[in-house]
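See structure below.
The values are calculated or read from the model by the stated rules, or taken from the named source; none is laboratory data. Since this is a predicted model, take the numbers as computed values, not measurements. FYI the Cβ positions are ideal-geometry reconstructions off the backbone, even for glycines, and counts take in every protein chain you see. Keep in mind that these areas ignore ligands, DNA and RNA; they rest on the heavy atoms of the full protein, side chains included. Shrake-Rupley method; radii C 1.70, N 1.55, O 1.52, S 1.80 Å.
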Amino acid sequence: MTPKLLIINGNPKPDSLCHALAREYARSAEEGGAEVTLHHVGELAFEPDLHHGYDEAQPLEPDLQVLQQSLKQAHHLVIVAPLWWGHLPARLKGLLDRTLLSGFAFRYQKGKALPERLLAGKTARLLLTMDSPLWYYRWWLGSPVERTLDKPVLGLCGIRLTHRQHLGPVHTASERERQRWLGRAAAAARSDAQRLARRRT
């Protein structure tokens with residue numbers, strides 16, 4: 001069975017390094033035999049705010065309906081995002097708020113504290129860019145994106161975070177360094193496609 005990958009570029013800038021990394025990952029994964037769906041958060045038409053929290057249903061825009069379907073079909077999720085003020089861009093956070101809904105990503109059951117994980121069996125990779133040194137992100141900040149996404153978000157839905165890549169500092173990187181990072185994204189895509197293909201045989 002062909003591995004299905006969903007890539008979400010969480011940087012709303014159209015000419016960002018994240019945009020290039022997501023495209024390179026997609027290209028390499030397709031060459032490796034995977035079926036790839038790529039969404040750029042800046043190109044999706046949706047309201048990122050939950051106006052009533054989760055107390056009232058907020059109809060999903062067509063782009064979010066498509067994204068949910070892509071996630072439902074995917075075996076592997078790749079989130080490419082920059083670190084802004086120690087965390088994810090607001091629009092990407094809004095995308096997660098709006099799409100990982102009860103009844104789609106998880107479901108509470110009477111008498112049980114933890115919900116049923118409706119997206120169980122999927123894996124995920126984080127590819128993060130940042131201007132801070134990698135040691136500062138990991139040891140001083142404590143890897144805030146992973147601490148928020150791993151168990152509280154992805155894990156709650158049943159998605160297992162298996163790989164993390166940190167690229168930076170971006171603001172001082174040479175063109176040679178950026179090309180090396182693109183190569184790392186391509187290598188990760190080949191590895192993911194091969195691993196998923198083995199799992200599906």
How would the stretch 105-201 be classified by its alpha-carbon gyration tensor: rounded, prolate or oblate, with rounded meaning a/c under 1.5 and the a/b versus b/c comparison settling the rest? oblate
Using a 1.4 Å probe and counting only protein heavy atoms, arrange K13, K4, K72 so the residue with the most accessible area comes first. K72, K13, K4
What share of Cα pairs, in percent, lie more than 20 angstrom apart in the stretch 29-88? 45 percent
Once amide H atoms are built 1.01 Å from N in the peptide plane, which residues 5 or more positions from Q165, or in another chain, come under 5 Å H to H? L126, L127, L128
Keeping the other protein chains in place, figure out the carbon and sulfur percent of the accessible area of the stretch 80-201, with a 1.4 Å probe. 55 percent
Dimensions of the stretch 159-201 along principal axes (Cα, Å, largest first)? 43, 20, 7
When the distances between all Cα atoms of the chain are binned every 5 Å from zero, what whole-number percent does each bin get? 1, 7, 15, 19, 21, 17, 11, 6, 2, 1, 0, 0
At 1.306 mPa s and 10 °C, Stokes diffusion of the stretch 8-63 via Kirkwood alpha-carbon radius, µm² per second: 119 µm²/s
Using +1 on the beta carbon of Lys and Arg, -1 on that of Asp and Glu, and nothing else charged, what's the dipole of the chain about the Cα centre, debye to 20? 1020 debye
Answer rounded, prolate or oblate for the stretch 8-107, using the Cα gyration tensor with square roots of eigenvalues a ≥ b ≥ c: rounded when a/c is under 1.5, else prolate when a/b is larger than b/c, else oblate. oblate
Please list, in order along the stretch 33-47, the HN-Hα scalar couplings obtained from phi with the Karplus expression 6.51 cos²θ - 1.76 cosθ + 1.60 (θ = phi - 60°), rounded to whole Hz, x for Gly and Pro. x, 8, 8, 10, 10, 10, 10, 9, 4, x, 9, 8, 9, 7, 8
Using heavy-atom solvent-accessible surface (probe 1.4 Å) with all chains present, what is the largest-first order of W84, W139? W139, W84
If you fit an axis through the alpha-carbon atoms of helix 17-31 and take the longest principal axis of the Cα set of the chain, what angle between them do you get, 0 to 90°, nearest 10? 80 degrees
Å² per residue, accessible surface of the chain at 1.4 Å: 52 Å²
